[in-house]
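I have placed the structure first, in the form of structure tokens, so that the comments after it can refer back to it.
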Amino acid sequence: MSEEKKKIIYSAMQPSGVPSLGNYIGALKNWKNLQDEYNCLFGVANMHAITVRQNPAELRQRTKDLVALFLAIGLDPEKHIIYVQSDVKAHAEIAWILNCFTYMGELNRMTQFKDKSAKHADNINAGLYTYPVLMAGDILLYQSDLVPVGADQKQHLEICRDIAGRFNGVYGDVFKIPDPYIPKVGARIMGLQNPERKMSKSESDNVNNVIYILDEPNVIRNKIKRAVTDSDTEVRYSEDKPGVSNLLNIYSAVTGKPIDEAAAEFKGCGYGEFKTGVGEAVVAELEPIQQRFKEYSSDKAYLEKVMKEGAEKASYIANKTLTKVKKKVGYPIYK
Ligand code: ATP
Ligand code: LTN
């Protein structure tokens, strides 16, 4: 298919910590796999990240590291666009306009806002509240067709579609209405110590709950060995076995084997053997990425080149949509 005819994928990730295995399985792995079929934009959502207080030097470093990780998992900056959100001014501009097309009633329903407000009770800022509007702008600026994300972002995709539909209803077809792409397996990887809650990279309370993509192989093996299961001994996928089911999900996602096949493989095994199998599968998937990450992250000049070129290419596309939007709402037009 010619480059022009390909549909557009947009997705982004916050540089709010070292990405977790949940981020990898729910998002990054699919980004890599969808590259051949689509024209893609992959953003480092650092404007979203400052909705929670960040250390500036660490944020700057993590932003670069996330670009290096995108490259390490195999995203191709020659064929696609890898860029940092704050480098494209159009994001801030469109966010304001879209804020004026979003109802507080809609934002009040967002579960991520409720969760994060509870977690950061001392800093419930307006940015945290309008976070989904900034995200809608990201997607809509590039006329995206498809947005590959984990299940936790489904509600944000729905509000994006509603905002776009509302704007189009007033001004005509300005925005493409995007579809979410949520994987069948691994859309919500749960914490290893608390399999009732999603694994989250910005969690710092219990390091054993989260596998970070850059964890040393032995750290990964040990975290999986310590993962909470249950007092039963049977490896079986079932709602009443959240710990075991989560490990089966992880195994299935990294090996590409369907859940039934994964469960059958470990039938009759004890939890010890099962966990060793899952640990090895995760290490086999992540180790080559870690190796490449080391190479990319030490090549500062190349990273900067990718970021600068990405920002230019993204700005060019974003500005086309932004100009249209500004005209529609009645801002001045200069020749
Ligand atoms: P934070 O902890 O800072 O809120 P996060 O770990 O939830 O961050 P994001 O940067 O918000 O990660 O999300 C990046 C992508 O990873 C999104 O597409 C999100 O849906 C996906 N994702 C995050 N956590 C998981 C998870 N536990 N399982 C599957 N996908 C996930
Ligand atoms: N909020 C997202 C990150 C994000 C995003 C986006 C994802 C920012 N802008 C646009 C998809 C499309 C998250 O995953 N927490």
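Flag: PHE175 matches the condition of being within 15 Å of ligand 2 (Cβ to nearest atom), of a type outside the set (Lys, Arg), outside any helix (DSSP H, G or I) and out of contact with any His (no Cβ under 6 Å at 6 or more places or on another chain). Applying the set (1) of a type outside the set (A, V, I, L, M); (2) within 16 Å of ligand 1 (Cβ to nearest atom); (3) assigned to a helix (DSSP H, G or I); (4) in contact with a Lys or Arg (Cβ under 9 Å, 6 or more places away or on another chain) to ASN123 leaves exactly one unmet item: (3). The residue list GLY186, GLY191 contains one member that is at positive phi, surrounded by 16 or more Cβ atoms within 10 Å (Cβ to Cβ), within 20 Å of the chain's Cα centre (by Cα) and in contact (Cβ under 8 Å) with a residue 12 or more places away in the chain, which is GLY186.
Given LYS305, LYS275, which one is in a helix (DSSP H, G or I) and more than 25 Å from ASN249 (Cα to Cα)?
Numbers: LYS275 fails: more than 25 Å from ASN249 (Cα to Cα).
Checking each option against the conditions leaves just LYS305.
Of the residues PRO56, PRO15, which is touching a helix residue (DSSP H, G or I) at 6+ places or on another chain (Cβ under 9 Å) and either surrounded by fewer than 21 Cβ atoms within 10 Å (Cβ to Cβ) or not aromatic (Phe, Trp, Tyr) (or both)?
Details: PRO56 fails: touching a helix residue (DSSP H, G or I) at 6+ places or on another chain (Cβ under 9 Å).
Only one candidate passes the filter, namely PRO15.
Residue count for segment 8-66 under the criterion of being among the charged types (D, E, K, R) and either under 18 Å from SER144 (Cβ atoms) or free of Cβ contacts under 8 Å to residues at least 12 places away in the same chain (or both): the result is 5.
Taking segment 88-111 as the region of interest, how many residues are exposed (fewer than 15 other Cβ atoms within 10 Å of the Cβ) and either assigned to a helix (DSSP H, G or I) or within 20 Å of the chain's Cα centre (by Cα) (or both)?
In the first step, residues of segment 88-111 are kept if they are exposed (fewer than 15 other Cβ atoms within 10 Å of the Cβ); the result is 89, 92, 96, 100, 103-105, 108-109, 111.
If we keep only those that are either assigned to a helix (DSSP H, G or I) or within 20 Å of the chain's Cα centre (by Cα) (or both) as well, we get 92, 96, 104-105, 108, 111.
Selection size over segment 88-111: 6.
ILE182 falls short on exactly one of the conditions (1) in contact with a Phe, Trp or Tyr (Cβ under 9 Å, 6 or more places away or on another chain); (2) within 10 Å of ligand 1 (Cβ to nearest atom), and that condition is (1). Can TYR171 be described as touching a residue at least 12 places away in the same chain (Cβ under 8 Å) and under 17 Å from GLY22 (Cα atoms)? It is false that TYR171 is touching a residue at least 12 places away in the same chain (Cβ under 8 Å) and under 17 Å from GLY22 (Cα atoms).
All of the numbers you see were taken from the coordinates with simple rules; none came from a lab. Bear in mind that the values here come from a model prediction, so they are computed numbers and not experimental data. Note: ideal-geometry Cβ built from the backbone for every residue, glycine included; neighbour counts use all protein chains shown.
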